[in-house]
Amino acid sequence: MLKELASAVRERRVSSVELVRKSLDRIERLNGPINAVVLLRAEEALEDARALDASEMLALPLAGLPLLVKDNEDCAGLPTTFGSLLRAHAPPADRDCEAVARLRAAGAIVIGKTNLPEFAFEGFTSNRLFGDTRNPWAPEWSPGGSSGGSGAALVMGLAPLATGTDGGGSVRIPAAFCGFTALKPTNGLIGRDPTPSWIDLSTKGPMATSIADLRLLLDVMRGPIAGDPTALPSWQPREAPRATRILATPRFRDWGPLPDGIRSSFEAALASLEAATGLPIERIDPPLPTHVDDDWFTLCSVEELVWIGRDVVAAHADELSAPFRAVMELGARITVDEYIAARRRRFGFVKVLDELLGVDAVLATPTMCVEGVTADGHVPGAAEQGTGSEIYNTSAQNMTGHPAISLPAGLSANGVPFGLQLTGPRFADDLLLEIGQAFEATNPWPLAAPGYEPFAP
């Protein structure tokens, strides 16, 4: 779809101004009940579009396409609030982060920002600054998080492009719950600037309604940048890489059996995956110890606390949401020795997955181990707002650096989409895209949620 949209601009069948106006109109008409978009730069976007239409830059791969930016990413001229009362009066950023800069350099036009949980620390999208974001498929449920505003905007057709970050599943969770596809790339494939708060675990990741769009966005976003010590010097996708084995497990860590609804959706998705690839599914036990999740929380809570500032958190604790305040209190109790031990254990987790996957095996799991989280952040049956490690299959890959893709693979009984996650060998992102393309061809998914239209010329 993105290639066709850019071609329409290049061939002057539609102007960039028309696309931006269409996006702004859809946001005005449709955004209110869902609350995906929280900040706009309408006049500035129209000025950018007029300049592009009058320029010689129409051959760019994303020329004239409206872009929404997750509100933990810097975009020149807009504040970066992180969905927190602590940043409610943040000044406009003076420059773009690297991912936004690369998308703009490819011709995209920034029109606004999307909602997220406070400081991107939850798998649902709700905060005290902008409120709840709802799932366009089933509004009483969350679109997931932390890139939930971007995910909801995509399947509502509010814009053809929306950015996401992934430090523990934050592009894959909305992909699963909103019925689109997203890739957490191998750590280092997309250079990072500025330095993320979760130093080694966070990366940018493309989100799209088709595998073809995902390939195009990865091509635009990938590449090293000065200052990122993890960035790969170069990476090129191979021509039609093939997997030799597909492994499957219900969970990355043994948190017990899957809920019945997720188990049945997973079994159906595995049958479809086997048919799409022609490879038999090999069942295995969960490969990692449960303390991989504890270590993820240790690293992220400490690094976030230090990044925000211990004194700032202590002085403004009453302004924080309850789940995020609990995370900061946890981080404050962790010792240096515990933090360093968690960093060291990462090497063991990486080795387990490296040896399990080799160079061409893929591991299939549910993306999420729950059918949904309510819009205000409650797991069904839980009294308190917030989520536990047992509902996720997404943080391990951030700990190990392995790539993972979420594919739409059905609908749960509550009306929320189900996502099938594939994890591949490090640097085999192209292999995941190849399998995703085969799965999409035999299991096509809607380009928009029911009642909404895909963004088209």
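The values are calculated or read from the model by the stated rules, or taken from the named source; none is laboratory data. Remember, it's a predicted structure, so these values are computed and weren't measured experimentally. Please note: Cβ atoms are built from the backbone with ideal geometry, for glycine as well, and neighbour counts cover all protein chains shown. Heads up: the accessible areas ignore ligands, DNA and RNA and are worked out on the full protein's heavy atoms, side chains in. Shrake-Rupley method; radii C 1.70, N 1.55, O 1.52, S 1.80 Å.
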| Complete set of residues in segment 235-248 that are within 23 Å of the chain's Cα centre (by Cα) and more than 12 Å from Leu433 (Cβ to Cβ) | Trp235, Gln236, Ala248
| note | Residue pairs qualifying under the 6 Å Cβ cut-off, at least six apart or on distinct chains, with the first in segment 307-325 being among the hydroxyl-bearing types (Ser, Thr, Tyr) and the second being assigned to a helix (DSSP H, G or I) and open to solvent by less than 70 Å² (accessible area, probe 1.4 Å), are Ser321/Glu118
| request: Answer yes if at least one residue in segment 401-418 is among the hydrophobic types (A, V, I, L, M, F, W, C) and closer than 20 Å to Asp254 by Cα, and no otherwise. | output: yes
| note | The lone condition Thr249 fails out of (1) under 24 Å from Ser389 (Cα atoms); (2) hydroxyl-bearing (Ser, Thr, Tyr); (3) open to solvent by 10 Å² or more (accessible area, probe 1.4 Å) is (3)
| field | Boolean, Pro457 is within 28 Å of Ala6 (Cβ to Cβ), buried (at least 19 other Cβ atoms within 10 Å of the Cβ) and in contact with a Leu (Cβ under 9 Å, 6 or more places away or on another chain) | value | no
| Just a yes or no: is a residue in segment 140-156 open to solvent by 10 Å² or more (accessible area, probe 1.4 Å) and acidic (Asp, Glu)? | yes
| Is there any pair linking a residue in segment 253-282 that is under 16 Å from Val416 (Cα atoms) to one that is open to solvent by 60 Å² or more (accessible area, probe 1.4 Å), with Cβ under 7 Å and at least six apart or on different chains, and which? | Gly261/Ala413
| task | Being part of a loop (DSSP other than H, G, I, E, B) and at pLDDT 95 or above is the filter; apply it to segment 290-332 and report the residue that is most open to solvent (accessible area, probe 1.4 Å). | result | His316
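Residues are listed down the side, and each one gets a yes or a no for (1) open to solvent by less than 10 Å² (accessible area, probe 1.4 Å); (2) among the basic types (Lys, Arg); (3) at pLDDT below 95; (4) within 25 Å of Ala409 (Cβ to Cβ):
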residue	(1), (2), (3), (4)
Phe119	yes, no, no, no
Gly168	no, no, no, yes
Ile173	yes, no, no, yes
Thr203	yes, no, no, yes
| task | Look at segment 255-289 and say how many of its residues are within 27 Å of Ile334 (Cα to Cα) and either open to solvent by 60 Å² or more (accessible area, probe 1.4 Å) or of a type in the set (Gly, Ala, Ser) (or both). | result | 1
| query | Before we move on, is Val352 surrounded by fewer than 18 Cβ atoms within 10 Å (Cβ to Cβ), closer than 22 Å to Asn393 by Cβ, over 23 Å from the mean Cα position of the chain (by Cα) and of a type outside the set (Gly, Ala, Ser)? | reply | yes
| said: Are there helices (runs of 4 or more DSSP H) fully within segment 1-90 with at least 1 residues that are touching a Gly at 6+ places or on another chain (Cβ under 7 Å), open to solvent by 30 Å² or more (accessible area, probe 1.4 Å) and acidic (Asp, Glu)? List them. | reply: 42-53
| message | Here's a check for you: in segment 394-444, which residue that is of a type in the set (Ser, Thr, Tyr) and over 16 Å from the mean Cα position of the chain (by Cα) is surrounded by the most Cβ atoms within 10 Å (Cβ to Cβ)? | response | Thr400
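Is at least one residue of segment 127-134 in a loop (DSSP other than H, G, I, E, B), open to solvent by 10 Å² or more (accessible area, probe 1.4 Å) and under 30 Å from Arg50 (Cα atoms)?
Checked segment 127-134: no residue is in a loop (DSSP other than H, G, I, E, B), open to solvent by 10 Å² or more (accessible area, probe 1.4 Å) and under 30 Å from Arg50 (Cα atoms).
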